[in-house]
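The values are calculated or read from the model by the stated rules, or taken from the named source; none is laboratory data. Please read all numbers here as calculations on a predicted model, not as lab measurements. No Cβ is skipped: glycine too gets one built from the backbone with ideal geometry, and neighbour counts run over all protein chains shown.
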Amino acid sequence: MSLMLINPLEITAEHALPQSVSARSCCHVAVAILASAFAAVRAVSRYRDRAALEVYVRRGEVWWTAFDREWPVVLLSGGDCPQFRAMQIVAPATAAQQRGFVILSAEVAADARKRAQAVAAAGPAIGGMGIEVQLGEDEGLLRAGVVRMALPRAGRIFCTWQLCVTRDALIEHAGTLSAAKMRELEIAVRLAGIE
């Protein structure tokens, strides 16, 4: 007996079984229909995954990524290349983490006079200076986070949370930075010397 795979979405009267067909034959036909249905579901799933991997991404998009656990990132590069530069979104610095450092907004950091005032107010014992760009629900996050970048300082190297993300690591698009947030990110990236 040969089995013909039938797309369950295309079953018509021509696929109806004559009344003389045995129960065993009906089981074979049912198995063939189910196998065809599962194959169709797998094909749709593979197509959806492939389509997601072929998506064109843009600078300033917020994505959930898969590393040791799921992390949100802001893409610093885009296009259809296999990997992208990104900045990890982290929790805002706590008071304890800020001890010895000056954390500025991009707006304050962009103004040399305001930046100098912030450094002078912190005193001579500061260990470094950084910028935090605040992100939250408007960018598709469930809770507040920041893109944090350390500003270069002679004789010191600071963590910037910059990383390279492969297309396969992109899980879900969360949102996109507004024009105002994009300007803040551009200022922070420029002052941190990342670009």
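The criterion of being under 15 Å from ALA86 (Cα atoms), in contact with a helix residue (DSSP H, G or I) (Cβ under 6 Å, 6 or more places away or on another chain) and assigned by TED's automatic domain parsing to the domain that holds ARG69 holds for VAL133. If I filter the stretch 164-174 for residues that are farther than 14 Å from PRO72 by Cβ, at pLDDT 90 or above and surrounded by 14 or more Cβ atoms within 10 Å (Cβ to Cβ), do I get at least one hit? No, the stretch 164-174 has no match at all. Identify, please: which residue in the stretch 117-142 is without any contact (Cβ under 8 Å) to a residue 12 or more places away in the chain and within 28 Å of SER178 (Cα to Cα) and is, among those, surrounded by the most Cβ atoms within 10 Å (Cβ to Cβ)? Going through the qualifying residues, I end up with GLY136.
Within the stretch 112-134, the only residue that satisfies the criterion of being more than 18 Å from GLN97 (Cβ to Cβ) and part of a loop (DSSP other than H, G, I, E, B) is PRO124. Number of residues in the stretch 96-119 that are at pLDDT below 85 and either of a type in the set (A, V, I, L, M) or over 33 Å from the mean Cα position of the chain (by Cα) (or both): the value is 1.
Checked against (1) at pLDDT 85 or above; (2) touching a strand residue (DSSP E or B) at 6+ places or on another chain (Cβ under 7 Å), LEU142 passes all but condition (2). GLY145 - would you say it is touching a residue at least 12 places away in the same chain (Cβ under 8 Å) and assigned by TED's automatic domain parsing to the domain that holds GLY78? So GLY145 passes the test.
Within the stretch 71-86, being aromatic (Phe, Trp, Tyr) and farther than 19 Å from GLN134 by Cα holds for one residue alone: PHE84.
Of the residues making up the stretch 69-83, those that are surrounded by 15 or more Cβ atoms within 10 Å (Cβ to Cβ) and assigned to a loop (DSSP other than H, G, I, E, B) are LEU76, SER77. Exactly one residue out of ALA93, ALA86, ALA66 is surrounded by 11 or more Cβ atoms within 10 Å (Cβ to Cβ) and at pLDDT 90 or above: that is ALA86.
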